[in-house]
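Asker: The following block contains the structure, expressed as structure tokens.
The values are calculated or read from the model by the stated rules, or taken from the named source; none is laboratory data. Predicted, not measured: the structure shown is a model, and the values here were computed from it. Glycine also receives a Cβ, built like all others from the backbone with ideal geometry; neighbour counts cover every protein chain displayed.
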């Protein structure tokens, strides 16, 4: 059932994002052609400059729009599909609340990652030069060789930890939005304003807890000399960050699930 829910979510959200992805690639290619030496557009003329500036502005606007629309989709799909009018239909389906949350979480995460990938790909198109990939690959290979020579297998663990931290951060960012919307839905009036207030409240509480929990670690580092800080200390910082963000994510998920299960208000 989770797979069917995700398929439905991708169809509902893809109609907004996929055209933007296509438009971004098209204008990236157009701008690259205009930037090339073989461009038919004369940069010295006013018209040529206008065309080039206009296409670049459109490219930037599309890229910004992709991230705005992605955020809008994350908020709107959860709000209308589970907390709004569509919530009546969703509650008649043989689907558990956690499945609804997970389907939207996974779909939103994938779209967010795709948005970043498409943005980076478009930048690569603009920056492409002959032998760019071979030079970049040589640089990356040399970087990891040097890193491995100095830190050994730690470079692999650091890479894994960074990836895990980015994923956990993304999931937590989406779930805090869901929790805020769920809390805001408990109010009969000004639900959007209440959701915004809930977001600020949850963020503030999370930061306070993190500060109090992280202070002892920072204080222990201050007592060490620079040469006394080892890779173990950095691994511990990454581990603490990943665990703390994961705990917050679980808390946000529980809040959303509890409200959808026990306190759902569709009025």
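Residue by residue, here is whether (1) modelled with pLDDT under 75; (2) surrounded by 11 or more Cβ atoms within 10 Å (Cβ to Cβ) holds:
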position: 186; (1), (2): no, yes
position: 195; (1), (2): no, yes
position: 199; (1), (2): no, yes
position: 206; (1), (2): no, yes
position: 209; (1), (2): no, yes
position: 220; (1), (2): yes, yes
position: 223; (1), (2): yes, no
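Asker: In this structure, is residue 161 at pLDDT below 90 and surrounded by 13 or more Cβ atoms within 10 Å (Cβ to Cβ)? Step through it out loud before you land on a result.
Answerer: Values: at pLDDT below 90: yes; surrounded by 13 or more Cβ atoms within 10 Å (Cβ to Cβ): yes.
Here the answer is yes, as residue 161 does meet what is asked.
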